[in-house]
Each structure stands twice: as structure tokens, then as C-alpha cells.
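The values are calculated or read from the model by the stated rules, or taken from the named source; none is laboratory data. Keep in mind it's a predicted model, so treat the numbers as computed, not measured. In this analysis, Cβ positions are derived from the backbone assuming ideal geometry, glycine residues included, and neighbour counts consider all displayed protein chains.
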Amino acid sequence: MNYFFSSRFSENQEVITIISIILGVLVFATLLFYALGRFYPIPKINELKQRTRSWWVMATLFILATVLHPMISFVAFGLLSFVAFRELTSISKNIRPEDRKAIFWCYLAIPVQYFLAYKGYYNLFTIFIPIIMFVWIPFVLVVRGETVEISRSMSILPTQLMFTVFSISHLAYLLSLPELQGFNAGGRGLLLYIVFLTEMNDVFQFTWGSLLGKRKIVATVSPNKTWEGFLGGMLTTVLVSYFIRFLTPFSITESLVTGLLIACTGFVGDVIVSAIKRDNGRKDTGTIIPGHGGILDRIDSLAISAPIFFYWVYNLYYAV
Amino acid sequence: MRTLGFFLLYKVIMRYFLSWIVGVKWINKEHLRGKGPIIFVSNHNSHLDTMAILAALPANQIPTTHPVAALDYFGNSRLKKKITRFLTNAILIDRNRDSNKQSPTNRMVNYLDRNHSIILFPEGSRGAPEQLQHFQKGIGALLDRRPDVAYIPIYMSGMGKVLPKGEKVLVPFVSYVIVGEPRKVKASGVEDIVSEVALAVKSLGDEFRSKNNLSAS
């Protein structure tokens, strides 16, 4: 058993606290929607209940992937990237039959990227997809020899790889960060912090938008995104960020800025995936999570907030 | 022993390989629960098509379900023939029909009369990826002989991108296997039966695409 659990898990008070908070939020949401459905049924209550049920599953899987042995965490995040990349290439209408071999190389890049993250080879980790794969994929396409619409494939495939593999692998790299003196929660704390805050930001923006939403931000892309939802979500996220800063080495000001950063980048990721879905004529990217859609529908905000947060905290505390 | 082998191969290995790695999703799988004799009729894009149907069948039906395959493709070497027969219980028929053996329809009818099921890809060949081709007459001749046997139309989408004809590397793509309700043929006469079955398969695909707002592939 000791092999599976991280040795410092039981000593890590901060991690235990945040896990209790996550479970508390879920219990609260479950009871709230149960009570609402019982005494004051609102139109979308069944969808909300289904979403909460899916949140339970996702939270359990995420917590397990975080507190178990780091090896398990890296495999779990690698699988997450794999499924997300598969969803994205599968809904893309611009993929040509000739791109199959290049896509195969993209799949091979996933274990390599996570291996680099696991070993903590920082320099190689940061250039492997943005530089090496960025060159290699167009080259594979060129060797294949079909030039009709090749420039489109050359741009789509590296972008998809960046969005689903490069970005999400930063979550895993947080676990490889060296220990800092006087900062007990460690990379595991940072991981829980960014994922919890990004997902809560989605929920806050959705809630504020549903309650007060009027003025649409990008009506042609996503009619549910309103200024009221965005700003309300942002304020709540900044507030939560302040209260859970015990997971991070941040000062008070830094934690507030981080909250702001996560709210904005989360929103950006959300609308980017919405636009991609719209272009390909889909409502969801898949059917894997009941009530939410595909994996990509859930990690869209993370895909942008994770790398931004990573480099923010890395340059503040880990770069020497 | 063979049943156990089939169970392991299809219900454990193939099924999880297809759903977790390749990304195959079965829709209305419960229509496959019935007992043989059943004729499964599907469009054909990839070698995985047969696997996707077999992996979705109830375990006790797999040993008595026979995909119909071309002898000139799968039987052109003795080893290939053995492997195909051993792994899938395939009925290998000669597309060129110059041999004096029993007619393909007779052989299939014999299997149906023993309450075995048959998987038929009436397009004949996997063809260009993701394009529905004209259905061959075999399915009409078979249902004309045994109109009481139920058939299940199946429409597959996406598998032609995973492993199309002439490619060796398998690339995961989310694919769908849409299973229709079991039904008995209404038309009579070989040609009419063929067009009825072809329409049943095609409309499964059209219905799926319109429900999910997809343009025709």
C-alpha cells in the first residue's frame, strides 16, 4: 500500500484540507439540487443533477490520480491527453485521409511528452511539442506527398497537439517540481489548486451567467457567455483563490492576481473550444461524461489555464 | 475451450481495445441480444468492422456467428485461411465463382438452418473509405431463400479512418457502430430485397447524422 500512496500524503495537511473542501462542495451541491428538485423544481434541475453525478466521478478519479503514486498520476494525465486529442481529431472535418500517418506520430508524442514531464527534463519538455513536433509533423505530411490542402493539415495538427497534450502535460509536470523550503503542499498542492480553481471558475461563470446573464460577450460563438457571468465568476474565483492560497507559495497579492489570471485564461479556453465545435457543427465534443459531453468540454478551460499558471508559478518561484 | 478462447478474444481483449484505444462507440447495442439465426448486414470500411460486431455480440452467440469473407482475399495462402477460420469462424466464399463447389448461397443457408448467424457485408469490398457503395446481390438471394430469418442492419461510421483499405498502421478515431432493430424482410424478389436492405442500412446512417447535426461524410 505504501508503494501506491505517496509517502508524504498523510503528513500533507494542506492536501487533506483541499480534498475535504472538494468533497464538501460536492455534498453541498448534491443536497442543494436534491432539495431544489423536491421542493422548488426549476426547469434544468435534472441536467444539474446529472452534471453533479458526473462531477462526483470526475472528482474521485482526479483525487485518486493526484494522491496515489506519481507514476499513476502521469499515466492518468497521459490518458486524459490521449482521449482529448482523439476527440479533437475525430470531430475535425478538415482532417484528410492522408494525414493518418502524421496523426499516428502525434499519438506517439503523448508518452514521450509525459516521460519528459516525469523525469523533469524541463528544457526538452518545453520544446518537444512546440519546436520538435512542430517541425516533424509538416515533414511527415510532406513526405507523404499529397499537397492538396496540406497547409491546413500542417496548421491543424500541431495546434491540436498543443491544445490537448502540451497544455495538459503541464499539470503533470507540477508533480515533478523540486521541493521548496517552507512550502509544504508542494507540486501536488499546486496541481489541486489550479484544477480546483479552473473548474470552480467554470461553475461560477455558469452560475452567475444563469442568474444574471444579459449582455453577451461573443454571441456568435457561445450564446451562454455573458459579461455578468464572466465578471461574477471572476470575482468569486479571486475570492476563492485568496482562501485556498495555503496550497501555494503565493503572497496575498500574488494569489489575487493568480485568481484573476485563471478566470481570464479559463474563459479563453472555453470559448476557443466552443468556436472549434461550432465550426465542425457539434454541440459537444463527445458523449463520454453524462451531462457534460466529451472530455474536451470539461478540460477546455484547463487547456489554456494550466500552461499559463505553470509558467507563472515557475518563473516566480522555481526558476533560479 | 474454443468458447472460452472466443470469450477472451472478443469480450475481453477486442472489446476494450476497440472502446478504449480506438474509440468505438456502440449505439443501441441491446438490439444484438437476440439468438441466432440472425443475418447481420453492415456497410464495410475496415477489417475492424467484423471485430466490432463480434465484440458486441452476447458471448454465447460468438462461436455460432460466421462472417462471410472472400476466399480470394483471406484464403490466398493456407496460413491466412487457417487464421481467418480459426479466429472468426468465417465462411470463405469464392467471388470468382469458377469453381464447381456448392454455391455461396447454399452454404450460407446451411448455416442458417443450423441456427447459426451470419455477418454479411454486401458492399463486397471495403472500397473507398467512408463511402457507401452499391450492395451486391448475395444478401437478396439469401433472404429470398430464407425470408423468415430476421436481419439486423448495422451502420458503421469512422472505422474507415482507423484502418482503411491498403493501410497497415492503425490510428485511433472516435467511430460509431449504429445497430438497427431486428426485422424481417418485406419485399420479395432478389433485387427488391437488396434495395430494401440497402435502404435500411443507409437510413440508419442518415438518422444518426441528422440527430447529431453532421453533414454527410
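Below, the figures for the structure above:
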read-out	value
Matching option when the condition is of a type in the set (V, I, T), outside the structural domain of A:Y318 (by TED's automatic domain parsing) and under 18 Å from the mean Cα position of the chain (by Cα), among A:I131, A:I168, A:I127	A:I168
Residue match in segment A:200-213 (condition: over 23 Å from A:L256 (Cβ atoms) and assigned to a loop (DSSP other than H, G, I, E, B))	yes
Segment B:88-111, residues that are in a helix (DSSP H, G or I) and either more than 15 Å from the chain's Cα centre (by Cα) or free of Cβ contacts under 8 Å to residues at least 24 places away in the same chain (or both)	B:P104, B:T105, B:N106, B:R107, B:V109, B:N110, B:Y111
Filter result for A:L212 (under 24 Å from A:N123 (Cα atoms) and either modelled with pLDDT under 95 or crowded, with 23+ Cβ neighbours inside 10 Å (or both))	no
Selected residue (only one of A:T66, A:T52, A:T60 is more than 10 Å from every other protein chain (Cβ to nearest Cβ), more than 19 Å from A:P290 (Cα to Cα) and part of a helix (DSSP H, G or I))	A:T66
Qualifying residue in segment B:140-149 (condition: within 14 Å of chain A (Cβ to nearest Cβ), crowded, with 23+ Cβ neighbours inside 10 Å and under 16 Å from the mean Cα position of the chain (by Cα))	no
Where a residue in segment A:90-105 is farther than 12 Å from B:P172 by Cα and outside any loop (DSSP other than H, G, I, E, B) and its partner, wherever it lies, is of a type in the set (S, T, N, Q) and modelled with pLDDT under 90, with Cβ under 8 Å and at least six apart	A:I91/A:N280; A:I91/A:T285
Single match in A:F267, A:F246 (criterion: within 27 Å of A:P178 (Cβ to Cβ), in contact (Cβ under 8 Å) with a residue 40 or more places away in the chain and not aliphatic (A, V, I, L, M))	A:F246
Filtered residues of segment A:9-22 (kept if free of Cβ contacts under 8 Å to residues at least 40 places away in the same chain and out of contact with any Ser or Thr (no Cβ under 9 Å at 6 or more places or on another chain))	A:S10, A:E11, A:S20
Qualifying residue in segment B:132-154 (condition: in a strand (DSSP E or B), out of contact with any helix residue (DSSP H, G or I) (no Cβ under 8 Å at 6 or more places or on another chain) and of a type outside the set (D, E, K, R))	yes
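Here is a yes/no grid of residues against (1) surrounded by fewer than 16 Cβ atoms within 10 Å (Cβ to Cβ); (2) outside the structural domain of A:A319 (by TED's automatic domain parsing); (3) at pLDDT below 90:
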site	(1), (2), (3)
A:G259	no, no, no
A:F267	no, no, no
A:V271	no, no, no
A:R278	yes, no, yes
A:D284	no, no, yes
